[in-house]
Each structure stands twice: as structure tokens, then as C-alpha cells.
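Laboratory data are not the source of any read-out in this text; all were calculated from the coordinates shown. Nothing here was measured: the structure is a model prediction, and the numbers come from that model. Quick reminder, even Gly has a Cβ in these numbers, built from the backbone with ideal geometry, and neighbours come from all protein chains shown.
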């Protein structure tokens, strides 16, 4: 039988730790403030933003949300970010992605002050991660590291395979595993003999964006399998990039979808907000 790693429970533990710290900061007159900007009314984005607001409320972080129309101009969005960059009450700024096609995502991300970039997407924070300096870590990869460690697994010396090379998950995930002394392979759509590469992994992280793509023949007996994907099927059920039922029993441990990586992403966003205020 595989052990199911409960991301909700680990995220709740982290949020309780942060709640205590935020209360102590409050006693010293320090407030933690997060500004969340949502452009348009994409239903998935709305769910994510609401979950972030709930987490802020629970921990004691003061959150302000800006809900902008889908046809807002890039200039208006950048002006709002500039205003928030100079607002001392705002420690962190989050722009919910994806943005409408008429807005240049990269320009928006780089407009956020690196010291308020709690998503960890700014090139300065990416550079800090790459060279091992202190900065804001991208929330999903940072959450996965916490999930692995808090579940009692060691990364050091382990064969780690990340499937997917996105700037948000795959690349920073590889950098964080290296930081933990893992031996890391990044595989992707052009990788030859992908099954062979994946099945070497002691720790397999699937972030390729294809529902139920990873089946048992991609997985080494006794591996730790982390599923980053999230998809809604035609029957409205949620699934990940991993075929959970097919792999359950072969892996030593596996994350579910939902209830695995998702809650950890939000918990790490909260960590970044508190870190920003702590600075």
C-alpha cells in the first residue's frame, strides 16, 4: 500500500505556525499586508484568489484585493502596481495569472518590486534562487520541498526526476532539489526514453500538464511521487498528471489531487508574505 501525503494537513500546520508568528509581530506593532490583483473574472482564478483571501484571514494577514475588468489597459495595471510598490502598508503584491492576451505578463511581473514579489517570479528572485542567495521562492516548488521534508523523506543523495520545464514549477523545482543535494534530471516533451528516465527516480515530480499521463510503468517501485497537475475531467472530477489509481500500491508515497500540492502553494505564499514583513 502507498502512503498518501496529505497536503491539506501539512499546509494547516504551516498556517498555524505563521498565525502564531503574525500575532507576535502584531504585539510589536508590525502588520503584514498583501495586495492581490485579479484581472477579469476567470472562474479558476476567482477560486484561487478566494482561497488566498481565506488563508490571509486565518493567519491574520491584512489583504486588499483589486478586481479589475478584463479589458483594463496594461498602462492602468502597471500604474496600480507602481502605486502598491510605494505603499508602506503593502508587504507583498500578487498578480493572479494568467492575464488577458493584450497584457504582457513578463512586463507586469518585472514591474513588481522584487522585495514585494511574494510569488517569486521576478527575474531578480529567480536569479537569487539559481545562485543560492536569499530571496522569495516560487510557491509551488517551495511547497513541494516542505511537503517532502515534513513527511519524513530525505532529498539528499536521491535520484530526482522533474517532468516539466516551466518557469513557474519545473526549472525552480530542479534548483531547489539541487539546493537540497538531490541528483536532478529535468525531463520534458522532447526527452527520449521518458519512461526509462522517469523510472530511475527515487523522487518523481510530475508537472507536465497532461491528465493521468504518468502511469505505473513510469514509476520505480518504492518511489515518492509528487503530482503537480490539476485538471477537471468531463465528469467534473478532478485529476492530476499522475494516474493515481494505476500507481497506488507501487509508489512508497503519493500526493492526491485535490488535497496534495495545491494547499501547499497557498501556504508558501503566506510564508513569503510574512517573510516580506519580517524584512
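Normalised by the number of residues in the chain, the mean separation of alpha-carbon contacts (under 8 Å, six or more apart) gives a relative contact order of 22 percent. Full extension of the segment from residue 213 to residue 82, taken as 0.36 nm per residue of separation minus the current Cα-Cα distance, would add 43.0 nm. Pairs of Cα atoms nearer than 8 Å and 6+ residues apart set the relative contact order; for the stretch 1-157 it is 21 percent.
Please work out whether the stretch 23-77 counts as rounded, prolate or oblate from its C-alpha gyration tensor, where a ≥ b ≥ c are the square roots of the eigenvalues and a/c under 1.5 means rounded, while otherwise a/b larger than b/c means prolate and anything else oblate? Walk me through the numbers before you get to the answer.
Working: a/c = 5.85, a/b = 1.93, b/c = 3.03.
Oblate, since a/c reaches 1.5 and b/c is not below a/b.
Between the helical axis of 74-85 and the longest alpha-carbon principal axis of the chain there is an angle of about 80 degrees.
Order by neighbour count: 244, 121, 213, fewest other Cβ atoms within 10 Å first, most last.
Numbers: 244 20, 121 23, 213 16.
Final ranking by Cβ density, sparse to dense: 213, 244, 121.
Which whole-number percentage describes the relative contact order of the stretch 94-138, with Cα contacts under 8 Å and a sequence gap of 6 or more?
Working: 35 pairs, mean separation 13.7, N = 45.
Reported relative contact order: 30 percent.
Estimated at 0.36 nm per residue, the fully extended path between residue 73 and residue 192 surpasses their Cα-Cα distance by 38.5 nm. Please build a GNM for the chain, connecting alpha carbons under 10 Å apart, and tell me which residue among 209, 164, 143 fluctuates the most. The residue that fluctuates most here is 209.
Working ranking of peptides 23-33, 47-57 by packing, defined as the average number of other Cβ atoms within 10 Å per residue, highest first, is 47-57, 23-33.
Under 1.5 on a/c is rounded, so check that first for the stretch 39-159, then, if it is not, pick prolate when a/b is larger than b/c and oblate when it is not; a ≥ b ≥ c are the square roots of the alpha carbon gyration tensor eigenvalues. Cα axes put the stretch 39-159 in the prolate bin. Relative to the longest principal axis of the Cα atoms of the chain, the long axis of helix 7-27 lies at roughly 30 degrees.
For the stretch 229-279, the gyration tensor built on C-alpha atoms gives an oblate shape. Its axis ratio a/c (a ≥ b ≥ c) is at least 1.5, and a/b is not larger than b/c.
For the chain, the longest principal axis of the Cα atoms and the long axis of helix 170-179 meet at an angle of about 80 degrees.
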